[in-house]
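The values are calculated or read from the model by the stated rules, or taken from the named source; none is laboratory data. Not measured: the values here are computed from a predicted model. Note: ideal-geometry Cβ built from the backbone for every residue, glycine included; neighbour counts use all protein chains shown. Please note that ligands, DNA and RNA were not included when accessible areas were found on the heavy atoms of the full protein model with its side chains. Shrake-Rupley method; radii C 1.70, N 1.55, O 1.52, S 1.80 Å.
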2 protein chains.
Amino acid sequence: MAHYMSDKVNEKVDIVAVAKAARVSASTVSRSFNHPGLVSPATRKRITRAVEKLGYIRNRAAQSMHGRRNATIGLIVPTIDHAIFAEVIQSFSDSIDRAGFTLLIASHSYDLDREYAMMRKLMEHRVDGIALVGLEHSDASLRLLQQQGTPAMALWNYAPDSVLPCVGADNHEAGRIAADHLLGLGHRDIGLVFPRPDGNDRASARLSGARARLLAEGVPLVDDWQWEAPYSIAQAKQVAQELLQRRHRPTALLCGNDVIAQGVIYGAQSCGLRVPEDISVIGIGDFKGSNEMEPGLTTIRIPARSIGEIAGARFTDLITGVNTEHFRINCPLECILRGTARAL
Amino acid sequence: MAHYMSDKVNEKVDIVAVAKAARVSASTVSRSFNHPGLVSPATRKRITRAVEKLGYIRNRAAQSMHGRRNATIGLIVPTIDHAIFAEVIQSFSDSIDRAGFTLLIASHSYDLDREYAMMRKLMEHRVDGIALVGLEHSDASLRLLQQQGTPAMALWNYAPDSVLPCVGADNHEAGRIAADHLLGLGHRDIGLVFPRPDGNDRASARLSGARARLLAEGVPLVDDWQWEAPYSIAQAKQVAQELLQRRHRPTALLCGNDVIAQGVIYGAQSCGLRVPEDISVIGIGDFKGSNEMEPGLTTIRIPARSIGEIAGARFTDLITGVNTEHFRINCPLECILRGTARAL
DNA sequence: AGATTTTATGAAAACATTTGCATTACTATT
DNA sequence: AATAGTAATGCAAATGTTTTCATAAAATCT
């Protein structure tokens, strides 16, 4: 342990030490924290003074043993290290902080077995609730949740029939809007660049939304123009380079997210193509930096900030019993017109 | 609370329920978790079976009341929502997870008073240790740490005389290396674009490192070429646009970090300048995406991943008593040659 | 002034676990 | 066979807090 020099060494400053210093009982000290109305202003002041003098800090662990809330919420994300999750984590954290909660975080690197393990770990800490990203989870996880009766919610995705309460965006709709925008600009030769859809409900929903919209318009889905690229600028760039070398190429590229779009744009530029003059590109997400690119990326904005914000507020309400209604909140998407998609 | 249908309703499955089911005492169950060597293999098996049957999950809160570790580490960052912190948080989290710890996270948006408040909050949860970003903290925070005797460490910055154990990079050195690289390429007319240095020890150390190196070489520091820009692509872009419109402009720009560098590059491009042909740019940090830009950003790499990794390992060692030596670890910087800085 | 209600406080039980000490049942040593 | 030593287990106290119940003091009503 750290060897700081010791002040006036604090011999176990617990609630009874405070009580002694304030010349009241421990019960009164506890009450003055939890039900201040029940203790007289005079003693309350004495207690406050004692607390400050001794440097007392309440022990949540001891509290939570009485069925009291822990004031912690667990969040399990695929990864923290991604612009979009970082943003949603930040706003979720801020939001629950406002209700007095602290965030216990864990990541599983897109491995549902690890998600289960993380859930158990958070449950050992008796978190007051667990928020998960997305709607796809192992049966074991869902079962554990229900068996333990831990309040839970899904973040990031919206589905009208979600079993968990959810706050997020409709990815099918996102794909649809993106396709719609390109169609509106007069494009008919549209390529799709998406990550593998399996195990990624976001990607697959977006893809099916885009496809549906194109089919509805009678636009043929050329097999040669359907590409797979992971969420990596470098790899998307490489894919685009191959794709765009073909003789016959699309006039527009619809990308699974902004990272792919950005990679695709770099790829196009490195092939000597100008965006949007020679080829239009649209992304999904509106990540940080998408606005500042040169030219700015046209994209479908998923409101990460407000998803985290709303999710935090509703979840803490549910946990504290302020509002226990089951919620499924669809955060509206927005088509952000910037410089990478032009009318034909 | 959530209303899942109830299985075979678990009436308080605690350690004595397990004990009963395994026909042993609670003590034995506890021991079989914490000191498995002390209990016979046969009973251990019975206990394991009972645990699984009842779906028992240990209660860390109750454990921690016995001075036992909580298996949680608190991390306080300025913001989660920043490429560089997200990366270091991720690797720190992974690293402590390997030692069985969970991360309790809080952010203070660059407000030292809020940092103090967050520290108290984490202490209420009796975290086993607290990691802070950077070396600048309020006296109150430092005092609180020492008073409570909570193990603490600093992440991200290195200083040979740090009072807290630290794992990070030497920012002065980073500035020096960047300047050195530009000098090596033959540049003499060098502009500096940095954020406000006050309250940001990273920025000020980098700036002073760069200045020192330039002065040592006898390169004059033209006042007109010293610009302030916050860590924002958009604002850095704007600053660069003004800066580069001047008649007399530098041949190279040394930027406080990669975000600024990226903004500056966009600004230059929008002024019709080519990077690196017309102007060289160097950043500091090597954020995600810096490599994939077109052209790739020349920068001084701060090894976020290994900082988090090493910090997590050393901190958990310190907390568990495996290695209680005071540590100050300087993670080596690297000059990454890419496409935005050319020889004159 | 006496009876009744209200307000403020304390004593003790309860929460889920760990651990020091005591006990029992073996095993090894003489 | 008696003794010492060891391994496995249980009992009960302890951990820091909250809460129920009881009690004392003060305020209000008749």
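Ranked from shortest, the separations from the 7 Å Cα-to-Cβ label point of B:Gly55 to its equivalents in the other copies are 4.4 nm. Remark: accessible area buried at the A-B interface is about 5800 Å², both chains counted, probe radius 1.4 Å.
Assigning unit charges at the beta carbon (Lys, Arg +1; Asp, Glu -1) and nothing else, what dipole magnitude in debye, to the nearest 20, does the range B:15-58 show about its Cα centre?
On the way: 9 positive and 1 negative charges, 22 e Å.
Roughly 100 debye, rounded to the nearest 20.
For the range B:1-153, the gyration tensor built on C-alpha atoms gives a prolate shape. Its axis ratio a/c (a ≥ b ≥ c) is at least 1.5, and a/b is the larger of a/b and b/c.
Answer rounded, prolate or oblate for the protein assembly as shown, using the Cα gyration tensor with square roots of eigenvalues a ≥ b ≥ c: rounded when a/c is under 1.5, else prolate when a/b is larger than b/c, else oblate. Oblate shape, in that a/c is at least 1.5 and b/c is the bigger or equal ratio. With Cα atoms as the point set, the radius of gyration and Dmax of chain A evaluate to 26.0, 88 Å.
Using a simple charge model, +1 on the beta-carbon of Lys and Arg, -1 on the beta-carbon of Asp and Glu, nothing else, what dipole does the protein assembly as shown show about its Cα centre, in debye to the nearest 20?
Details: 78 positive and 74 negative charges, 603 e Å.
The calculated dipole for the protein assembly as shown is roughly 2900 debye.
Ranked from largest to smallest solvent-accessible area, with a 1.4 Å probe on the protein heavy atoms, B:Asp189, A:Asp128 come out as B:Asp189, A:Asp128.
For chain A, modelled as a GNM whose springs connect Cα atoms under 10 angstrom apart, the maximal fluctuation among A:Gly289, A:Gly100, A:Gly55 occurs at A:Gly55. In a DSSP loop and with at most 10 other Cβ atoms within 10 Å, there are no trypsin sites (Lys or Arg not before Pro) in the range A:158-223.
Rolling a 1.4 angstrom probe over the protein heavy atoms with all chains in place gives the range B:171-302 an accessible area of 38 Å² per residue.
Under the definition of partner shielding as Cβ atoms of other protein chains within 10 Å of a residue Cβ, what is the mean value for peptide B:120-127?
Working: counts 2, 7, 2, 4, 8, 12, 6, 1.
Mean number of neighbouring Cβ atoms from other chains: 5.
Result for chain B in a Gaussian network model with C-alpha springs under 10 Å: among B:Gly37, B:Gly134, B:Gly218, the largest mean-square fluctuation is at B:Gly37. If only the Cβ of Lys and Arg carry +1 and only the Cβ of Asp and Glu carry -1, the dipole of chain B around its Cα centre is close to 1880 debye.
Here each label is just a point 7 Å from Cα along the line to Cβ, and for B:Arg120 and B:Thr324 those points are 3.0 nm apart.
Under the criterion of Cα pairs below 8 Å and six or more residues apart, the relative contact order for chain A equals 16 percent.
Does the range A:159-259 come out rounded, prolate or oblate by the C-alpha gyration tensor, with a ≥ b ≥ c the root eigenvalues, rounded set by a/c under 1.5 and, if not, prolate when a/b is larger than b/c and oblate if not? Working shown, then result.
Numbers: a/c = 2.39, a/b = 1.39, b/c = 1.72.
Oblate is the answer for the range A:159-259, as a/c is 1.5 or above yet b/c matches or exceeds a/b.
Each part gets one Cα centre, and for the range B:77-103 versus the range B:287-314 those centres are 14 Å apart. Computed over protein heavy atoms with a 1.4 Å probe, the carbon and sulfur contribution to the accessible area of the range A:72-201 reaches 47%.
Take B:Asp198, push a point 7 Å out from Cα through the beta-carbon direction, and compare it with the same point in every other copy: 5.9 nm, smallest first. With respect to chain A, whose longest principal axis is taken over its alpha-carbon atoms, helix A:112-124 is tilted by about 20°.
Between copies, the label points at A:Glu334 (set 7 angstrom from Cα along Cα-to-Cβ) are spaced 3.9 nm, reported in nanometres from shortest to longest.
With springs only between Cα atoms under 10 Å, which of A:Asn34, A:Asn323, A:Asn291 fluctuates most in a Gaussian network model of chain A? Per the Cα network of chain A with a 10 Å cutoff, A:Asn34 tops the list. Averaged over the residues of peptide B:91-99, the number of Cβ atoms from other protein chains lying within 10 Å of each residue's Cβ is 2.
Within the accessible area of the range B:15-58, the carbon and sulfur atoms contribute 56%, probe 1.4 Å, all protein chains present. A 1.4 Å probe run over the protein chains yields, for the range A:39-136, 37 Å² of accessible area per residue, whole-number rounding. Secondary structure note: in the protein assembly as shown, about 10% of the DSSP beta bridges are antiparallel. When the P(r) is computed for the range A:54-137, the part past 21 Å accounts for 34% of the Cα-Cα pairs.
Taking the inverse of the average 1/r across all pairs of different Cα atoms in the range A:108-165, what Kirkwood radius in Å do you get? Mind dumping the intermediate values first?
Numbers: mean 1/r = 0.0862 Å⁻¹.
About 11.6 Å, per the Kirkwood formula over Cα pairs.
Counts of other chain beta carbons within 10 angstrom of each beta carbon in peptide B:148-155 average 3. Averaging the Cα positions of each part gives two centres, and for the range A:198-270 and the range B:137-167 these lie 48 Å apart. Counting only lysines at least 8 places from A:Lys53 when in the same chain, those with an alpha carbon closer than 22 Å to its own are A:Lys8, A:Lys12, A:Lys20, A:Lys45, B:Lys121. For the peptides B:162-175, B:65-78, the ranking by packing is B:162-175, B:65-78, with the highest mean count of neighbouring Cβ atoms within 10 Å listed first.
Normalised by the residues of the range A:214-327, what does the relative contact order come to in percent, with Cα pairs under 8 Å and at least six apart? Intermediate results must be reported in sequence, preceding the final value.
On the way: 142 pairs, mean separation 21.5, N = 114.
Relative CO of the range A:214-327 lands at 19 percent.
Based only on Cα atoms, what Rg/Rh ratio does the range B:15-58 have, Rh being taken as Kirkwood's radius? Spell out each step's value before the answer.
Values: Rg = 8.9 Å, Rh = 9.8 Å.
So for the range B:15-58, dividing Rg by the Kirkwood Rh gives 0.90.
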